[in-house]
Amino acid sequence: LQAQTVKRTGWVMQTVPTPESIVEHMYSCWFIALVMLPKKINDRPDYNKDCILKMLLVHDLAETKLKDIPKYEKYKYPGYDEAEHKEMMKIFLKETYEGIDSLQEYLDAWQLWYDKENINAAIAKDIDNIQAVYQFCEYYLQYPEKFSDERCKNWLNELLYLNTEQGRLIAQKLVV
């Protein structure tokens, strides 16, 4: 529940009024996947939309305890990915929360996200980036004075680094 009050650091640093929270970001990612991903991809039997949805619903929870580090600042924090993984392991400890049998399916989805070794994680990470670019576009339209030409170029260039066909299709429909 703390994630709803933690604002995304990159937007705070950019002095955007009322920046989105971690929860708003995760929900936006989840909703993009819900609406824009197909149920099946015929030539990809390893594709699993439900797994992607679970990844996106929880992917930034650890940031409520650690710190939300913008992607372009992560190089300043060696070991952050490992710390994030450890924090997520604490969050998903089986039978830790009264009334909840197991969060194993979310732990499994997080592990796939963290390992980055399958199509589902690649698509989820693309959607994470697409949502950030989309949010940038929304903020830019509202507060163009907050963003230099260089920042605009950097944000839009993020779309060049999408790794999946699904990601490129979603970016084309949602952002371009």
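The values are calculated or read from the model by the stated rules, or taken from the named source; none is laboratory data. Owing to the predicted nature of the structure, the values given are computational and were not obtained by experimental measurement. Methodologically, a virtual Cβ is constructed for each residue, glycine included, from the backbone with ideal geometry; neighbour enumeration extends over all protein chains shown. Just the protein is used for accessible areas: all its heavy atoms, side chains included, with ligands, DNA and RNA removed. Shrake-Rupley method; radii C 1.70, N 1.55, O 1.52, S 1.80 Å.
Find me the longest stretch of the chain that has none of the exposed GluC sites (Glu not before Pro), where exposed means in a DSSP loop (not H, G, I, E or B) with at most 12 other Cβ atoms within 10 Å.
Values: sites that count: GLU95, GLU98, GLU117.
Longest gap between qualifying sites, sites excluded: 1-94.
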For the stretch 9-15, just list the computed ³J(HN,Hα) in residue order, Karplus coefficients 6.51, -1.76 and 1.60, θ = phi - 60°, integers in Hz, with x standing in for Gly and Pro. 4, x, 6, 5, 4, 7, 6
Per residue of the stretch 167-176, what does 6.51 cos²θ - 1.76 cosθ + 1.60 with θ = phi - 60° give for ³J(HN,Hα)? Whole Hz please, x for Gly and Pro, Karplus curve as stated. x, 5, 5, 5, 4, 4, 6, 8, 10, 5
I need the P(r) histogram for the chain: all alpha carbon pairs, bin width 5 Å from 0 out to the longest distance, whole percents. 1, 8, 16, 20, 21, 16, 10, 5, 2, 0, 0
Just read off the accessible area of LEU159 with the full protein assembly in place, 1.4 Å probe, to the nearest 10 Å². 40
With +1 on the Cβ of every Lys and Arg and -1 on the Cβ of every Asp and Glu, the dipole magnitude of the stretch 26-79 about its Cα centre, in debye rounded to the nearest 20, is 20
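How large, in percent, is the carbon and sulfur part of the accessible surface of the chain at a probe radius of 1.4 Å? Write out the running numbers ahead of the final one.
Working: 5470 of 10160 Å².
With neighbouring chains kept in place, the figure for the chain is 54 percent.
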Once the in-chain neighbours fewer than 8 apart are removed, the lysines whose Cα is under 17 Å from LYS153 read LYS71
To make sure I understand the rule: partners must be aspartates and glutamates, Cα under 13 Å from the Cα of LYS74, and not fewer than 8 residues away in the same chain. Which ones qualify? GLU63, GLU82, GLU84
Counting pairs on different chains as well as pairs 8 or more places apart, how many Lys pairs in the stretch 1-69 have Cα atoms under 25 Å apart? 9
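So which trypsin sites (Lys or Arg not before Pro) in the stretch 38-77 pass both tests, a DSSP loop state and at most 16 other Cβ atoms within 10 Å of the Cβ? Don't skip to the end; give the middle numbers.
Working: sites: LYS39, LYS40, LYS49, LYS54, LYS65, LYS67, LYS71, LYS74, LYS76; in loops: LYS39, LYS40, LYS65, LYS67.
Sites meeting the loop and neighbour criteria: LYS39, LYS40, LYS65, LYS67.
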Modelled FRET efficiency - R0 22 Å, ARG151 with TYR77, Cβ distances, 0.05 increments: 0.60
Solvent-accessible area per residue for the stretch 39-96 at a 1.4 Å probe radius, Å²? 61
